[in-house]
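Right, one structure below, let's go through it.
The values are calculated or read from the model by the stated rules, or taken from the named source; none is laboratory data. Since the structure is predicted, the reported quantities are computational estimates derived from the model, not experimental observations. Positions of Cβ are generated from backbone atoms using ideal geometry, with glycine treated the same way; all protein chains shown enter the neighbour counts.
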Amino acid sequence: MQSSVISNSVIKRLPRYYRFLGELKAQGMTRISSKELSDRMGLTASQIRQDLNCFGGFGQQGYGYNIELLQSEIAKILGLDVPKNAILIGMGNLGKAVTMHMNFENKGFHIIGLFDSKESLVGQVVKNLPIRHTDDIDEFCRENRPQIAILCIPKEAAGNIVGQLINLGIKGFWNFSHYDITLNHKDIVVENVHLSDSLMTLSYQLINKQTKIPTFR
């Protein structure tokens, strides 16, 4: 039986399991033990078993895990089998890159609308979708009822539009801006993406992994 409270660290490992299992399936593998999976992922076998046991387990003693079945179960846990309509706001370089290169359909999302405030971008077509003006968000959302908004806009612009989107029925945000949505909207689901934070973390890891230069007395 699934635990009532699953730690965030476990949830964040699920997409990695899903991705690795997909790679194994593409290689023609049909089953794998927790030990083999741990060697490939750099986790302990115990950690993998504990993570999956949060959702009822899925392995068989002496057999291991059926790769296709386990990936399918993880997809259900992550909600990838339930398409969620999304809109993307901000069609500058970042917004265009996200639209063009993310395979949203394989991740449980369907982009139904693209928006920007720049007149020069309105009317352009990206991945078979026309870019609409942000003035049209109200009408579009009332007619199409998207659940998710992807924000690829500056912090100051996000602050002005988040409340409007929530009032229009948006339930969750994939937030590339630096605006803290949960500060004023604590019940909204938000996944923040801070590329600069990730880069600074890399810098820290590099510095602290360097071999210390010995000192001579």
Q: Spot the failing condition for D81; the list is (1) farther than 30 Å from L151 by Cα; (2) touching a helix residue (DSSP H, G or I) at 6+ places or on another chain (Cβ under 7 Å); (3) of a type in the set (D, E), and only one is missed.
A: (1)
Q: Among the residues of the range 52-98, count how many are more than 19 Å from the chain's Cα centre (by Cα), in a loop (DSSP other than H, G, I, E, B) and farther than 26 Å from I153 by Cβ.
A: 9
Q: Pull up the range 10-44, narrow it to residues that are free of Cβ contacts under 8 Å to residues at least 12 places away in the same chain and in a helix (DSSP H, G or I), then point me to the one that is surrounded by the most Cβ atoms within 10 Å (Cβ to Cβ).
A: S38
Q: Would you please name the residue that is modelled with the lowest pLDDT, looking only at residues in the range 167-197 that are surrounded by 10 or more Cβ atoms within 10 Å (Cβ to Cβ) and assigned to a helix (DSSP H, G or I)?
A: D197
